[in-house]
Protein chains: 2
Amino acid sequence: MTKISIITIGDELLIGQVIDTNSAWMAQELNKAGFWVTRRVAIGDGRSDILKALDEESSFAEIILITGGLGPTADDITKPVLCEYFNTTLVINEEALENVKNIFIKILQRPMIERNLKQAEVPASCTVIQNKRGTAPGMLFEKNGRIFVSMPGVPHEMKGMMTDSVIPFLKKSFATSFISHRTLLTAGIGESSLADHIQDFEEALPQQIRLAYLPNYGMVRLRLTANANQAGGLETELDLLFDDLKSRVSQWLVTDEDITLQEALGKLLTARKQTMSTAESCTGGYVAHLITSIPGSSAYFTGSVIAYDNEIKKKMLNVEPGILSAHGAVSEETVRAMVSGAIQNLKTDYALATSGIMGPGGGSEDKPVGTVWIAAGNAHEVITQKLWFRFDRQRNTELTAANVLNLLRRFILSRSL
Amino acid sequence: MTKISIITIGDELLIGQVIDTNSAWMAQELNKAGFWVTRRVAIGDGRSDILKALDEESSFAEIILITGGLGPTADDITKPVLCEYFNTTLVINEEALENVKNIFIKILQRPMIERNLKQAEVPASCTVIQNKRGTAPGMLFEKNGRIFVSMPGVPHEMKGMMTDSVIPFLKKSFATSFISHRTLLTAGIGESSLADHIQDFEEALPQQIRLAYLPNYGMVRLRLTANANQAGGLETELDLLFDDLKSRVSQWLVTDEDITLQEALGKLLTARKQTMSTAESCTGGYVAHLITSIPGSSAYFTGSVIAYDNEIKKKMLNVEPGILSAHGAVSEETVRAMVSGAIQNLKTDYALATSGIMGPGGGSEDKPVGTVWIAAGNAHEVITQKLWFRFDRQRNTELTAANVLNLLRRFILSRSL
C-alpha cells in the first residue's frame, strides 16, 4: 500500500494559536482517491526541524505532503529550506509571476511591492503547481523515488491545488488501494454497552474490515472501514455487514450516513416538504448556525428568534410575563411557550427551543450551571426534556444543540405525514 | 530547553473524521507553564506505528504526551501497546475501579458491565493519574530519563488531567524556559504591505524575540514571542517592543490583545455600558453565536432575529415590502432597514445586519455567489458596506461575520460617549 505522510509547518501550530483543519480535509480527500495517510507531523518554522521531518517521513512514506510556511514574510522559511534539502536555488517562475500581478492589479487593486514579486520565486528543480486562489505557488519535487509536494497553509488555496493538481497526479503515479467507509450514528446508548451489544458482530469481522467507535456529544458513531489492495467484492461485503450492523443497533440509530444531526434533520424536513424555526436562549444562535451551514437549508428553515433577554422572549416569542415570573427563564414552561411563539411568529410547521445556564457564571443552588431545558414541537403538541451538563460553556452549548436537534428529529419521526 | 512531543493516536485523525483540537489546547497550557512543544505526531490505532512513534519522539524529547486510544472497545489498543513498550502487564487499580463504579452507579445510573471494569486496568509499572471526569485513568511512565504520559482523547477528560496533575508534575520535575507572547490584530492591510511597513522593526529585533504573521479572514495577527532560558528583563523588553509595534501599525490596529473580534467588541460595549443585537440573513445565526460564545455576553447582547425568509424580515424587522421588491433581499436598502428594525424591536443601542448569497446555489449574473451587504448603526445613523467573496459557504460566512463585527466596532469607536 502506498504510504503518505503529511507535514504541517508553523510555530502557530506548536503554541496552540491555530487549530489544524487542513490535515483532516486532506486525509478525507486522499481516502476518496484510494490513499491512506500513515502519519501526520506538525513542526515549527525552524530549519533543522523541517530538514529532520523531511528525512524521517521520506524514510517510510512514498508521498510527503507539506503545508505552510510559504508566505511573503521573514518567518516563512519553507522555500529556502526546500532549496537546501533538494540542493537547488530559487528562480522566478513566469506563470506564477503573471498570477501575482493579476491578483494585485486586477482583483485586489492594491499596489504590488517587491515582496509580492518574491512569491513567484520557486526552487529551480521543482515542478510548479499554479495557485488559482492566491499568490504562493505549490512545488512538486522528486528525490530517491519519493514525491514531495509543498503547498500554502491557507486552507482554500491548499484545497484548490489538492483537487485540481495534486490528487490527479498522485492517482496517475501511484498504486491506489481499495478504501471504503460506512458510518452510522447512534444516540441513547453508551460506548461500552454498544460494544457489548455487538460483540459477536465485531469478532466475526473479516480481516480487511475494521470497526471503530467514535463517541461524541452523547452520541456514538460506528465506522466500518475496508482497506485492501484490491476491491475484490469488498464493497458488497461491506454493504452486507453494514446492513447487519444497522439492524443490530436499530433502536438507537439516528442516521446510517456519515452526516451530522442537522443534515439528517434537513433531509427529513425536505422529504416531508415541511419547515422549522428555532427559539434560542442559551444556545445563542448556535443551533440556527448549524442548520444554516447546510447548503439549501433555506428550503426548510425560515429563521429564528435569539432571545437572550427576557423582554425579547415576551415581545418576539409571546412568552407570557406570568410564566417567566412564576417559573423563571430556565424552565419547562418557558421553553414550551418559546416553541409555540416561534411557530406562530415565524410561521413554521415545527420549532425547537433552548433555555439554560451555560456557565461559568449564572448558576444558583436551585438551577446550577449546566441546567438546560429543551423543547420541540408543532402547533398541536410540544415535548420537553431537562438536561444537566457538567462541562464548560462551549461543550454545554454543543451538547444542548445536539440534544435539541435530536429531540426535534424524534418528534417529527413520531408524527405520521 | 526541555523538549516536548505530543503523540495523538486514532485512525479517525488519519482519515479526517475528527479534527484534533486537543493538541492546540495542550500547547497553549504548556507554554503558560514555560514549556515549548517541539513536535506533534498523529498516528493510527496500529501497534507498530505506536511503537515507532514512542521510539522516535523519545529520541529527542524529554517529555512525551500521548492522547487517545484508551476507550473500552477493541479498536483502542494504546494500553496493551504501552505494556509491551514498557515491558509490564495490566493490573487492576483500586482507586480507578472505585471511580468507574461511582460514575456508573451514582452519576450515570446505568448498569456496569465487565467491559467498564476493564477501564480500571493499568500497566503495573506506571504511576496512575486518576480521571475525575471519566472512566479511563491516565498513566505516567519513566524510561531512560524520559517521561511518558498517556491520557484519554476525550477533550474535557484530558484537560482535567493536564491541569490537575500533569502540568504541576512537569513544572516540579523539569527546567522551564521563559516563554512569553504578545499578540495584536490588524485589519485593512495585507500581510506583505504590513511586513514592508515594519521591516526596520523586524530587522532590529533581538535574537530571543521573534515576529510572526498570522493572516486570517482578511485580517493579520502579529505575534511577538520571547523564548529564552531565563527571563532576565525579557518581559520588559517585550513590552517596550510591543508598544513600538503598536504605534507603527496604529492605523490598522483592531486590538492589542490576543482576543477575537467579538471579544474586542464585547469589551467596548461593556466599557460604554451599551447594548447590541443582530439581524442576520445570510450568516444564519453565526454572528450571534460568536457573540454569545463569550461568557457574560448577556450584559450587552439582548438577542437576534435570524431572518432567512423575507416574510420574517418584514414581520420581525419591519423591513417594508417595497424595499424588498424594489431592491431585493441582498441590497444596501434591506440591510439598512434590518439594522433599524433590530434596534426598534430588540431595544438596543446598536445593531448589525447581514444579507448575502453564500453559495453554492442562489447566485445570479447581477448578484453572483459571494455578494454580501453588511450594515451597522444606531437609532440615528447606519453605515453599510458591500463585500464580494469568492470562497465556499463556510469561508464566506466566516468572512462576513468578521467584517460585520469590525464594521460595528468601528462605528461605535467613531461615536463619542
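According to the square roots a ≥ b ≥ c of the eigenvalues of the Cα gyration tensor, what is the shape class of region A:72-188, taking rounded for a/c under 1.5, prolate for a/b larger than b/c otherwise, and oblate for the remainder?
Verdict is oblate for region A:72-188.
Go through A:Lys246/A:Lys386; B:Lys3/B:Lys143; B:Lys3/B:Lys171 and tell me which ones have a Cα-Cα distance over 23 Å in this structure.
In this structure, A:Lys246/A:Lys386 exceed 23 Å between Cα atoms.
Can you work out D for the protein assembly as shown in µm² s⁻¹ from Stokes-Einstein, where Rh is the Kirkwood radius over C-alpha pairs, the temperature is 4 °C and the viscosity is 1.567 mPa s?
Estimated diffusion coefficient is 45 µm²/s.
Would you kindly work out, in nm and rounded to one decimal, the distances from the label point of A:Arg390 to those of the same position in each other copy, ordered shortest first, with label points 7 Å along Cα-to-Cβ?
Ordered by distance, the counterparts are at 5.3 nm.
Grab the residue from chain A whose Cβ hugs the A-to-B rotation axis most tightly, plus its distance in whole angstrom.
A:Gly285, 2
Please report the spacing between the Cα centers of region A:62-114 and region B:150-165 in Å, no decimals.
A separation of 40 Å, based on Cα centres.
Rounded, prolate or oblate: which fits region A:307-417 when a ≥ b ≥ c are the square roots of the eigenvalues of the alpha-carbon gyration tensor, with rounded for a/c under 1.5 and prolate only if a/b beats b/c?
It is oblate, given that a/c is not under 1.5 and a/b is not larger than b/c.
From the label point of B:Gly322, set 7 Å along Cα to the beta carbon, how far off in nm is each other copy's matching point, shortest first?
Ordered by distance, the counterparts are at 4.2 nm.
With runs of 4+ DSSP H residues as the only contributors, calculate the mean residue ellipticity of chain B at 222 nm using -39,500 (n - 2.57) per run, divided by the residue total and rounded to the nearest 500.
-11000 deg cm²/dmol
For chain A, what's the relative contact order in percent, using C-alpha pairs closer than 8 Å and at least 6 residues apart?
10 percent
Pull out a ≥ b ≥ c, the square roots of the eigenvalues of the alpha-carbon gyration tensor of region B:116-158, then state rounded if a/c is under 1.5, prolate if not and a/b is larger than b/c, and oblate in the remaining case.
Verdict is oblate for region B:116-158.
Just to confirm the numbers: B:Ser250, label point 7 angstrom along the Cα-Cβ line, distances to the other copies in nm, shortest first?
Here the equivalent label points are 7.2 nm apart from this one.
In 10 Å bins starting at zero, report the fraction of Cα pairs in region A:247-316 per bin as a rounded %.
19, 40, 29, 11, 2
Return one quarter of the surface area of the convex hull spanned by the alpha-carbon atoms of region B:167-252, equal to its mean projected area, in nm².
Value for region B:167-252: 6.6 nm².
Calculate one ³J(HN,Hα) per residue across region B:398-404 by plugging θ = phi - 60° into the Karplus curve 6.51 cos²θ - 1.76 cosθ + 1.60, and present them in order as whole Hz with x for glycine and proline.
Whole-Hz 3J(HN,Hα) from phi for region B:398-404: 5, 5, 4, 4, 4, 5, 6.
Show me the ranking of peptides B:274-287, A:134-147, A:102-115, B:359-372 by mean Cβ neighbours inside 10 Å, starting with the highest.
Taking the mean over residues of other Cβ atoms within 10 Å, the ranking is B:274-287, A:134-147, B:359-372, A:102-115.
As an exercise, take the mean of 1/r over every pair of distinct alpha carbons in region A:3-173, invert it, and state the Kirkwood radius in angstroms.
Evaluated over region A:3-173, this radius sits at 16.2 Å.
Would you look at the GNM of chain B, springs on alpha carbons closer than 10 Å, and say which of B:Ser58, B:Ser23, B:Ser298 moves the most?
B:Ser298
How far is helix B:47-58 tilted off the main Cα axis of chain B, in degrees rounded to 10, range 0 to 90?
90 degrees
Coordinate-derived values only; no laboratory data. Treat the numbers as computed from the prediction; the structure is a model and nothing was measured. When we count neighbours, we look across all protein chains shown, and the Cβ atoms used for this are built from the backbone with ideal geometry, even at glycine.
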